[in-house]
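Remarks on the structure that follows.
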Amino acid sequence: MNVISTPHVNWAGFNPETPRSLSQGLAQQNEQQRMLKAAIERHYARNQHEYRDAADNVAKQVRASLENFRQTRDPNAVMQDWLAYVQDSYARSILFLDILRQRGDIFLEHEAANAPPVLIYDYDVVVDGADLPRPSNYVLLKIKAPESVETLEWKRPYVIIDPRAGHGPGIGGFKKDSQVGVALADGHPVYFVAFKPMPVPGQTLADVTQAEAAFLRKIHALHPDSPKPIVVGNCQGGWATAILAATNPDLAGPIVLNGAPMSYWSGRMGQDPMRYTGGVVGGVLPALIMSDLGGGIFDGAHLVMNFESLNPGRTWFRKYYDVYSAAQEDPQRFLEFEKWWGGFFLMNEAEIRWIVENLFVGNRLGKNEARIETGRGIDLKAIRAPVIVFASFGDNITPPQQALNWIPDTYVDEREIEVLGQRIIYMVHDEVGHLGIFVSSSVAKKEHSQMASTLKTIEALPPGLYEMLIEDAEGEGDERIFKVDFHKRTMADIALIDDERGEEPAFAAVSRMSESLAETYETTLRPAVQALASGSVGEISRKMHPMRVQRAMFASNNPAMAQVSGLATQVRESHSPLSSQNPFLLMEKAWAGSVESSLNLWRDIRAMASETMFISLYANPLALWYGLPNAKSRTLKRPEDLRTLETVQSALEHMSLGGTQEAIVRMLVLLANTRGDVRSDRLARSSEVLTENPIFAEIDPISRTRMIHEQTIIAQFEPDRALAAIPQLLPMAEEREKATELVEYVLGAVDEMEPHTLALLNKMREALGLPQREAEKKKSGTKK
């Protein structure tokens with residue numbers, strides 16, 4: 001990846017209440033020019049290779065076609081190729097129209113059935129949000145496992161929350177190899193949080209959060225002997241999961257945030273232009289106008305159309321051309337995906353306004369300043385459960401910076417994560433796209449399977465910040481085994497994924513501008529717009545939305561499509577596919593490649609224009625001064641203040657208190673700090689000792705978590721004193737032998753230990769009056 005660095009300016013130094021010096025203004029102006037230059041250069045560098053490859057592919061296909069013509073030479077043969085191509089094109093056109101007809105029929109049937117989830121699994125409705133004290137359109141489903149799969153009621157339940165971002169629910173269980181399938185295959189009960197197309201009148205996101213909390217309480221009641229459920233949030237379901245865990249820390253077990261945009265201002269210049277949309281279109285104003293024109297309802301089809309415009313070459317042309325070019329093949333994969341993609345769901349004005357003001361434009365959740373409702377702040381530090389963040393460099397909707405930057409914005413450093421007893425684990429894929437995170441079979445088999453395996457033992461990890469790395473090991477197919485390591489990370493490691501975030505202060509100007517435009521609209525034009533747009537007008541506008549019309553117009557109820565089904569049946573019975581070497585077919589493929597590249601070129605020119613316009617408008621000195629009130633975040637503690645926290649002081653006071661349990665946990669934490677990573681096999685053995693060994697068998701999960709937390713703080717702030725106090729926790733020789741034996745079982749063979757780990761282990765053994773351990777040395781093939 002070509003990264004062009006830009007000098008960083010300390011924007012926090014500009015105070016709106018005091019005059020700024022000329023030198024400060026010039027520094028801002030110079031920074032703006034550097035950002036513009038860097039953005040343009042990055043756009044050029046990033047796209048140069050892509051278009052060269054696209055041009056080479058088109059040229060290769062044209063050369064193959066011309067070579068075919070040259071070799072044929074016979075005019076009659078060329079005419080036969082042409083007639084065969086025309087016949088094949090006609091056949092494919094009929095079959096393609098029939099596939100669009102089927103898509104249209106599925107669309108209308110799906111809407112008539114009130115757009116149920118597109119899950120491939122059967123399910124039972126457990127709780128209907130409409131029946132709750134604060135009603136909503138959300139529903140809790142329990143997935144029925146296939147007959148060949150056994151689930152165990154005592155295992156930790158899985159709860160999957162799909163995104164409500166224009167589409168309907170079900171993408172997390174869209175295939176057998178999916179998040180639902182992975183959890184079922186491992187024997188876990190699986191629940192799915194779905195929603196109906198139309199929100200309950202007056203519904204807010206606070207009502208949705210309350211409904212999801214009620215769902216978790218119901219699951220607790222149904223599985224009283226199970227640990228707290230794992231909650232998996234996909235895309236916008238991810239930030240909903242984070243809000244749920246922050247406002248109800250007693251309900252959720254580990255949470256997984258898949259492609260979840262938590263810090264909307266973040267991204268790389270020249271690469272992630274979607275975040276500039278709010279500044280270009282006017283902040284929250286378009287959402288308010290569209291909601292008013294919709295009779296108080298915001299149409300999710302607007303969001304879907306926006307997603308399609310991010311990759312027009314694919315969504316507007318290539319996916320249809322691929323169906324057309326292979327029209328004789330089974331279209332089920334296309335139709336199943338389009339059933340979900342074309343299921344458009346709605347929001348109340350209050351819901352979309354909260355999302356835009358607190359996330360898209362205001363970035364309040366990422367700055368840890370959002371309120372779910374008046375008087376109820378959302379403090380991400382309140383999350384007690386382990387957090388796994390899954391992001392990808394190939395995701396153009398939620399780039400890794402948006403998925404991860406809430407961490408340095410919320411915590412002063414990684415030590416604060418430890419002090420609070422939290423475990424945050426992130427994983428960044430190299431190339432999978434946004435939807436691939438949820439629906440890709442390869443991701444389900446690898447990343448999601450490993451996450452499911454890890455979640456069994458994750459609570460045995462000492463608190464801290466980790467990166468999860470998965471490497472191929474051995475085996476094939478379903479028997480493939482992967483190596484999983486957890487590497488301790490710092491905030492500096494997350495910063496390396498970004499490019500110094502120098503452009504983010506400009507977004508504060510957008511946030512303030514959005515507030516001003518919304519206030520102006522509400523006090524001037526809004527009453528007139530609302531009076532003109534009744535409920536029936538809104539319903540008509542939704543039916544006439546281009547995303548719906550393009551599907552409904554090809555359905556069987558259109559008289560123009562009356563003959564298509566019969567013609568398609570005849571074609572399937574009589575037509576044979578054309579030779580792949582037909583020169584006219586090769587020319588068609590070259591043409592298709594050029595069309596896709598042209599659409600992508602338009603996309604990239606638009607992205608560069610959008611970014612340069614944004615930087616020009618909002619990164620100049622006047623705009624930065626205007627946005628300063630919204631640029632301020634709540635003050636984080638200083639690193640040196642962490643020691644003064646009551647939690648830290650209480651833990652340090654307990655340094656010499658406890659027994660065998662505390663000693664074993666402290667030894668494991670101290671030894672873990674000598675390594676930069678935690679291997680999955682060691683984590684599994686650690687979990688085994690802390691949950692199944694008789695010494696820990698009677699301790700409940702909450703007390704065990706509290707003990708790991710306390711010993712982590714002691715080891716972090718006073719490692720030398722912590723080591724010296726271990727003999728006081730193990731006064732008896734028998735206890736010392738047993739504790740050391742269990743610790744060494746977790747570490748594994750002496751030869752596998754790193755030098756620092758072995759050295760500390762021997763220090764512990766010396767303090768406990770036990771003989772030293774020595775690694776076996778190999779010399780000339782003989783063990784010594």
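The values are calculated or read from the model by the stated rules, or taken from the named source; none is laboratory data. Every value quoted in this text rests on a predicted model; they were computed, and no experiment measured them. Note that we place each Cβ from the backbone using ideal geometry, even for glycine, and neighbour counts take in every protein chain shown. We work out accessible area using only protein heavy atoms, side chains counted, and drop any ligands, DNA or RNA first. Shrake-Rupley method; radii C 1.70, N 1.55, O 1.52, S 1.80 Å.
Tabulated data for the structure shown
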item: Amide hydrogen neighbours beyond the local backbone of HIS434, cut-off 5 Å, H modeled; result: ASN396, ILE397
item: Cα-based helix-to-principal-axis angle, 621-631 vs the chain, degrees rounded to 10; result: 60 degrees
item: Paramagnetic reach from ALA326 (point 7 Å along Cα→Cβ, amide N under 19 Å) across region 91-127; result: 91-103
item: Using θ = phi - 60° and Karplus 6.51 cos²θ - 1.76 cosθ + 1.60, couplings along region 400-407 (whole Hz; Gly, Pro as x); result: x, 5, 5, 7, 10, 5, 5, 5
item: log₁₀ of I(q)/I(0) at q = 0.11, 0.18 Å⁻¹ - region 531-675, Debye sum with one point per alpha carbon; result: -0.91, -1.25
item: J(HN,Hα) series, region 85-99, from Karplus relation 6.51 cos²θ - 1.76 cosθ + 1.60, nearest Hz, glycine and proline x; result: 5, 4, 4, 5, 5, 4, 4, 5, 5, 5, 5, 5, 4, 5, 5
item: Segment ARG217-LYS144, extension gain: residue separation times 0.36 nm, minus the distance between their alpha carbons; result: 24.3 nm
item: Accessible area of the chain belonging to carbon and sulfur atoms, whole % at 1.4 Å probe; result: 55 percent
item: Solution diffusion estimate, µm²/s, Stokes-Einstein, region 233-364, Kirkwood Rh from C-alpha pairs, 10 °C, viscosity 1.306 mPa s; result: 92 µm²/s
item: Hull volume in cubic angstrom per residue (convex hull over the Cα atoms of the chain); result: 219 Å³
item: Antiparallel DSSP beta bridges within region 70-202, percent to nearest 5; result: 70 percent
item: Cα-projected label distance for GLU500 with ARG333, points at 7 Å along beta-carbon direction, nm; result: 4.5 nm
item: Förster-model FRET efficiency, 45 Å R0, LEU567 and ASP131, C-beta, rounded to 0.05; result: 0.35
item: 19 Å Cα-Cα reach of LYS589 towards aspartates and glutamates, excluding residues that sit fewer than 8 places from it in its own chain; result: GLU50, ASP53, ASP56, GLU67, ASP81, ASP88, ASP322, GLU329
item: For VAL200, distant residues with modelled amide H under 5 Å away; result: ASN137
item: Surface accessible to a 1.4 Å probe, per residue, for the residues of the chain, Å²; result: 44 Å²
item: Share, in percent, of DSSP beta bridges within region 149-236 that are antiparallel, nearest 5; result: 0 percent
item: Residues whose placed amide H lies under 5 Å from that of VAL389, excluding near-sequence neighbours; result: LEU257, ILE425, TYR426, MET427
item: Full-stretch length increase - GLU692, LEU22 - with 0.36 nm per residue and alpha-carbon distance subtracted; result: 234.5 nm
item: Note, ³J(HN,Hα) from phi for region 339-352, Karplus 6.51, -1.76, 1.60, rounded to Hz, x at Gly and Pro; result: 4, 6, 4, x, x, 9, 10, 10, 9, 6, 4, 5, 6, 5
item: Probe 1.4 Å, all protein chains present, accessible-area order of TYR745, TYR276, TYR264, largest first; result: TYR745, TYR264, TYR276
